[in-house]
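As structure tokens, the structure follows; a few thoughts come after it.
The values are calculated or read from the model by the stated rules, or taken from the named source; none is laboratory data. Computed from a predicted structure; not experimentally measured. So basically every Cβ, Gly included, is an ideal-geometry build from the backbone, and we count neighbours across all protein chains shown. Calculation scope for accessible area: heavy atoms of the full protein, side chains included, ligands and nucleic acids excluded. Shrake-Rupley method; radii C 1.70, N 1.55, O 1.52, S 1.80 Å.
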Amino acid sequence: MDAGMQTLVWVVPVLLLAAVARAGSASSSDGKNKRNMKQQLFDGACTLALRSAHLVFAIHRSFQKWVQCSLSQAGLDVQELLEANDTDAIMERRQRLGDYLASLPQRPEHLAVILPEASVRESQGAQRLLTSCIDDVEALCAWTLLARVPRLSIYTRDGSTDAVFDGIASRLRNSKMAARAFNGRTPEICLESKDRTEHLRADADAPVPLGYRPDIHISLWTREHGYPSLVKLSQELARKVQCNELSSSDITENLVAGCLRDPAGHRHPELLLLCDELAHIPEFPPWQLQDVELVQADSSSRSIGDAVCTALAGYAKIEKRWGK
């Protein structure tokens with residue numbers, strides 16, 4: 001048994017005995033402090049509630065440390081949990097890791113990942129962390145599903161993911177990794193690029209219902225989603241002003257922000273994973289960096305799944321303070 005769990009086994013009865021003793025001592029000193037029984041019971045209940053809350057928090061933290069310790073002691077590459085054939089041991093560890101990710105105190109609603117360009121991949125040769133674009137998108141989709149993050153954006157400056165859009169859609173439609181990450185069920189995926197959108201559903205021929213929400217929304221971004229889109233937006237607004245469709249006074253910050261807003265209604269990325277050795281973000285859409293936490297995958301990551309899990313665990317520890 002883990003040392004933290006052994007500590008909890010002893011802490012529980014000690015806390016309960018302390019609460020009972022406090023309530024008993026309070027009742028015996030009723031004549032001295034001249035408080036009535038209701039006040040004593042109220043104080044005892046408050047003490048017990050606070051100690052119970054502290055105990056729950058301690059169990060939560062101990063569970064996270066236990067999962068991290070057990071996975072590291074086993075020397076496990078988490079990528080194997082979704083790539084390997086299902087066995088009792090693999091399924092148990094996958095469930096354990098899924099419970100750990102679900103127990104994180106905060107998770108991003110929108111995860112963005114920057115993949116290197118095709119030329120960079122070729123110059124670096126065979127990498128342990130990255131493979132091909134299609135493989136990487138499938139792995140990122142599966143791990144995002146396991147972490148229950150509803151939105152994933154994958155950025156490549158040269159648009160290498162756009163070039164293999166059909167291959168990515170075909171792979172995700174029949175992905176065993178994604179099914180394993182989604183408790184053995186085939187997830188419904190919305191895959192979109194600059195000019196195309198595919199709804200990967202079980203009933204592909206049926207029309208998409210109004211208000212449809214897929215299990216995961218994946219966007220393939222390129223540099224065209226960055227500064228070039230700002231230029232096009234400026235040209236479009238200038239054209240409307242010239243055609244008297246819009247007055248110059250109507251062009252406000254709120255109008256521009258509305259034009260740049262995600263049509264699917266998702267928030268800007270809260271977590272950005274940089275899977276490259278670059279020291280800067282290559283033309284990533286600047287308005288998507290308002291509240292983002294940047295994490296760079298280091299050389300210790302065994303796979304892209306390991307990098308995602310490490311990034312999510314680090315994000316859960318970040319203290320956010322919003323100014324007014």
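Residues of the stretch 134-164 that are open to solvent by 10 Å² or more (accessible area, probe 1.4 Å) and polar (S, T, N, Q): SER160 alone. Pairs linking a residue in the stretch 73-90 that is over 13 Å from ALA181 (Cα atoms) and of a type outside the set (Val, Ile, Thr) to a residue that is modelled with pLDDT under 75 and surrounded by 14 or more Cβ atoms within 10 Å (Cβ to Cβ), with Cβ atoms under 8 Å and 6 or more positions apart or on different chains, are ASP77/ARG302. Pairing each residue of the stretch 92-116 that is more than 19 Å from HIS217 (Cβ to Cβ) with any residue that is open to solvent by 30 Å² or more (accessible area, probe 1.4 Å) and aromatic (Phe, Trp, Tyr), provided the two are 6+ apart or on different chains, yields C-beta distances under 7 Å for SER103/PHE63. On the stretch given as the stretch 196-241, residues that are within 26 Å of the chain's Cα centre (by Cα), under 30 Å from LEU115 (Cα atoms) and not aromatic (Phe, Trp, Tyr) total 20. Taking the stretch 130-156 as the range and being without any contact (Cβ under 8 Å) to a residue 60 or more places away in the chain, of a type in the set (Ser, Thr, Tyr) and closer than 14 Å to HIS217 by Cα as the test, no residue passes.
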